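Following: one structure in C-alpha cells, then a few remarks.
The values are calculated or read from the model by the stated rules, or taken from the named source; none is laboratory data. Everything numeric here is computed off the predicted structure, so don't read it as measured data. Here the Cβ positions follow ideal geometry from the backbone for every residue, glycine too, while neighbour counts run over all protein chains shown. Just the protein is used for accessible areas: all its heavy atoms, side chains included, with ligands, DNA and RNA removed. Shrake-Rupley method; radii C 1.70, N 1.55, O 1.52, S 1.80 Å.
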Amino acid sequence: MKRRAFITLLGGAAAWPLAARAQQSAVPVVGFLHPGSPEANAKFTAGFRKGLSETGYVEGRNVAIEYRWAHGENGRLPELAADLISRPVSVIATPGSVAAALAAKAATTTIPIVFMIGVDPVQAGLVVSLNRPGGNVTGTNSLNAGLMAKQLGLLHQLLHRDARFAVLVNPNNPQSRSAVTDVQATASAMGQQLEILTATTSRDIRPAFDVAVRKRTDALLIQADPLFANRPVQLATLAARHAMPAIFPLREFAEAGGLMSYGSNLTDLFRLAGTYTGRVLKGEKPADLPIQQATKFEFVINLQTADALGLEIPPTMLAVADEVIE
C-alpha cells in the first residue's frame, strides 16, 4: 500500500468516532425534572413520551431524555435543575410540580422550560400572561387546584346530610392557602364543618388520618399535590381502613380503590406537555406559546368501594359520572 493511501485510510478511520460523536451530539436532549419517583409516575411519563412522538420525536431514536427525580424531597429540585443545565439540555420539562418549574426558572433564563401545573401560572410567578407568557417558560394548567369546592359539593351530595368534612393539604404547597380559603368559604355557605389536616412528607399522612378519626370526620377531601398524587394506593387504603368516604383529585385514586375522584386527566396533560416540548425542539419560542388549560374534568365513582362502605350512590350522581368502576 502506498504511504499516501495508508495515511488517508488512517485519517478516515480516526474520523469515524468523531463523526459518530457529532451525530450523537446532534440528537436533542430533553431534561425531565419531577419531585416524585419514576415508579409512581410511569403512566404519566408514558403520556409525556406519547406527546413528544406526536411531534415526531421518539426517545432513543431522535431525542434523548435525561430524567431527574427528587423522590419526594423538593429541596433537591434546585440541585437537580442545575445538573440538567450542566449537561446541557435543549429544553427542561417540569410536568406536575410548581416547585420543579420554579426551580428550573431560577436556574436558567435561556433554556426553554415547559411546565404542567394545577395553579394559575401568573400568580405562581412563572409567566407574565396566559396568552403571551414571555421569557423562556410556557406550559399547561390542569386547573385541579381550584376544584376542591366542587369536590366538597359532590361529597355533600353523596352524604345528603350535615357532616363533618376534612381536607388534607400540604402546607408547603404555595397554593394551599388560597385553596383552603376557597373550600372553607364553600363549607361555610353550606353550613358544614370543615377541618384542615396537614402533611408535608409521606410520614405525616397516616397520623393525619388518625387525627381525622379522632375528630370523627365523616368524609375527606385530598388536595391536588404531588405528595399525594404519588401515593394513590396508600391514601385509598387508609381511607378504606378507616371506613372514611373520600374524594380525590385524580382518576388513578379511584382506580386504586378510592371512592370517588374529580379532576382533569393527568396522563393527557402530560401528553400536552410532551407536545409543547416537541414544538419547542422544532424551534418555536416559549414566549409565543400560550398557556394551555384543561377543558375536560372527569368524575369517576368506584362502586365496589361504595358497597364496602355501605353507601348507596344516588342515581343522579351515577348519571353524570364519566366512569363507574364496578
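A few points about this structure:
- Efficiency of FRET from Cβ geometry, Ala26 and Arg76, R₀ 35 Å, rounded to 0.05: 0.70
- Tensor-based shape of the stretch 196-326 (alpha-carbon gyration tensor, a/c under 1.5 rounded, otherwise prolate or oblate): oblate
- Taking a span of 15 Å or more along the helix axis (Cα atoms) and a mean Kyte-Doolittle hydropathy of at least -0.5 as the rule, the DSSP H helices of the chain that qualify are 3-25, 42-54, 148-159, 176-190, 266-281.
- Gained length - Ala287 relative to Arg164, 0.36 nm times residue gap less alpha-carbon distance: 39.7 nm
- Listed peptides 26-34, 99-107, 125-133, 203-211 by packing density, highest first (mean Cβ within 10 Å): 99-107, 26-34, 125-133, 203-211
- Full extension of the chain between Val213 and Val233 yields a length gain of 5.3 nm, computed as 0.36 nm times the residue separation minus the alpha carbon distance.
- Distance between the C-alpha centres of the stretch 254-292 and the stretch 26-88: 14 Å, rounded to the whole angstrom.
- Shape parameters for the chain, alpha-carbon atoms, Rg then Dmax in Å: 23.4, 97
- Counting DSSP beta bridges with both ends in the chain, the antiparallel % (nearest 5): 10 percent
- Computed extension gain for Leu318 through Asp83, at 0.36 nm per residue and net of the alpha carbon distance, reaches 79.8 nm.
- Extending 7 Å from the Cα toward the beta-carbon at both Leu130 and Arg203 defines two label points whose distance is 4.1 nm.
- Three-way shape call for the stretch 144-259 based on the alpha-carbon gyration tensor, with the a/c threshold at 1.5: rounded
- For the stretch 78-190, convex hull of alpha carbons as volume per residue, Å³: 110 Å³
- Per residue, the solvent-accessible area of the stretch 160-318 (1.4 Å probe, heavy atoms of protein chains only, all protein chains present) comes to 44 Å².
- Among the listed pairs Lys43/Lys150; Lys43/Lys215; Lys43/Lys282; Lys43/Lys296, a Cα-Cα separation exceeding 31 Å is found for Lys43/Lys215.
- Three-way shape label, the stretch 174-239, alpha-carbon gyration tensor, a/c 1.5: oblate
- Label sites at Lys43 and Thr295, each approximated as a point 7 angstrom past Cα along Cα to Cβ, lie 2.4 nm apart.
- Percent carbon-and-sulfur accessible area, the stretch 226-326, ignoring ligands, DNA and RNA, probe 1.4 Å: 51 percent
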